[in-house]
1. State which residue pairs qualify: first residue without any contact (Cβ under 8 Å) to a residue 24 or more places away in the chain and inside segment 22-44, second residue of a type outside the set (Ser, Thr, Tyr) in any location, beta carbons under 6 Å apart, and separation of 6 or more residues or different chains.
2. If a residue must be surrounded by fewer than 16 Cβ atoms within 10 Å (Cβ to Cβ) and among the small types (Gly, Ala, Ser), how many such residues does segment 47-67 contain?
3. Please specify each residue of segment 13-52 satisfying the condition of being more than 14 Å from Ser66 (Cα to Cα), over 12 Å from the mean Cα position of the chain (by Cα) and among the basic types (Lys, Arg).
Amino acid sequence: MKLHQDHRYYSNRSACYAGKEDWGAAKDDALECIKLSPGFIKGYYRLVTAHMNLGQFDEALQVAKSGLGEDGLLERSDSNIPHISPQYEIIYPVATLLAMLLAHN
């Protein structure tokens, strides 16, 4: 049963679970956040963080690709290294981890 229809609730609760190192609960709330708002990049960040702390690196990479690569958040330069698109610079700190994960794939 969903407690709230606001994706930010699940994002914030995911962060709280992460702070307690309850990575399973953090992952569940991040998934709910993304379900409610697929364009909310912080939800992907929370999910990648949970996957990585659960040792689920392939899943983390897949989430990074779906959250960034397919939605046009990343641009590729001539050197094939992803860069954050200018319109998303405000979320640069959140997206940096995901961009680095994609760069090392």
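Read-outs throughout are calculated quantities, based only on the coordinates presented, and are distinct from any laboratory measurement. Nothing here was measured: the structure is a model prediction, and the numbers come from that model. So basically every Cβ, Gly included, is an ideal-geometry build from the backbone, and we count neighbours across all protein chains shown.
1. Between residues of segment 22-44 that are without any contact (Cβ under 8 Å) to a residue 24 or more places away in the chain and residues that are of a type outside the set (Ser, Thr, Tyr), the close pairs are Asp29/Arg13; Ala30/Gly43; Ala30/Arg46; Ala30/Leu47; Ala30/Ala50.
2. Adding up the residues that qualify gives 2.
3. Arg13, Lys20
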